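The values are calculated or read from the model by the stated rules, or taken from the named source; none is laboratory data. Predicted model, so just to flag it, every value in this text is computed and none were measured. Neighbour counts are summed over all protein chains in view; Cβ atoms, including those assigned to glycine, are modelled from backbone coordinates with ideal geometry.
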Amino acid sequence: MHGFGANKESFSAQISYFAQFFHVIAIDFPGFGKSSPIPYPFCVKDYADLVLALLNALEIETFSLLGHSFGGRVAIYIAAHTNRVTHLVLADSAGVKPRFSLRRQVKKRQFQRKKNKVGEGERAQFGSVDYRSLSPIEKQSFSLVIQEDLTPMLGNIRCPTLVIFGAKDRETPLYMARKLYKGIKCGSLVVIKNAGHFAMVQSPTAFNQAVMAFFLSKKGE
């Protein structure tokens, strides 16, 4: 599950790799990619309910979840509210309370995009949040999502969980990874060197190997 402003294409390297071993489902959340716009401001629960509705329609009872950034929020919510998740992977995931207010977060992201031109091509290809370009409904949804602190839900997650972050992630810094790791009792933490917020794009081989090792270790293989 992709981040806010991105789409399923951000997981291209993961889809092709893991499809060799598993049944892979990659979606565009409503309002992103090729999906229809949201009809009203969505909160995390709304996105989670849609994911579960899709899995129910496909008659998939148990499943693993991999969520990046905002997609990690949705994954946390689902894993905390159902016992159907067998493995949880939180990649550069949001969800815990940041050190700064919403207004400061938005201004910080805008400043970083102006200052750091190195990743502009990557951001354009795989998506990032430009608050000013969002529609009024999308702005309300973004505000609802980013202000929701999912930390109280972490203790309800019982499935094996991998927290995997890029060492140079500035949008969801490593202190967030440590909070997630600390809050989830059955979690493990992997930090990928020389990768930022899109660790699965910037270091796909290291990312895929770490996730596969996690899957195998939790299956007793």
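Worth a mention:
- Single match in Phe11, Phe42, Phe22 (criterion: modelled with pLDDT of 95 or more, aromatic (Phe, Trp, Tyr), assigned to a loop (DSSP other than H, G, I, E, B) and in contact with a strand residue (DSSP E or B) (Cβ under 8 Å, 6 or more places away or on another chain)): Phe22
- Scope the stretch 166-182; condition more than 20 Å from Ile78 (Cβ to Cβ) and either hydrophobic (A, V, I, L, M, F, W, C) or in contact with a strand residue (DSSP E or B) (Cβ under 7 Å, 6 or more places away or on another chain) (or both); matching residues: Gly166, Ala167, Leu174
- Screening Leu216, Leu154, Leu162 for residues that are closer than 22 Å to Ile15 by Cα, assigned to a helix (DSSP H, G or I) and either under 18 Å from the mean Cα position of the chain (by Cα) or of a type outside the set (Ser, Thr, Tyr) (or both) leaves exactly one candidate, Leu216.
- Count of residues meeting criterion [in contact with a helix residue (DSSP H, G or I) (Cβ under 8 Å, 6 or more places away or on another chain) and among the polar types (S, T, N, Q)] in the stretch 73-100: 2
- A search for C-beta distances below 8 Å between a residue of the stretch 187-209 that is in contact (Cβ under 8 Å) with a residue 40 or more places away in the chain and farther than 11 Å from Phe165 by Cα and any residue that is of a type in the set (S, T, N, Q) and in a helix (DSSP H, G or I), counting only pairs 6+ apart in sequence or on different chains, returns Val201/Ser10; Pro204/Gln14; Asn208/Gln14.
- Residues satisfying the stated conditions in the stretch 175-186, i.e. in contact (Cβ under 8 Å) with a residue 24 or more places away in the chain, surrounded by fewer than 16 Cβ atoms within 10 Å (Cβ to Cβ) and not in a loop (DSSP other than H, G, I, E, B): Tyr175
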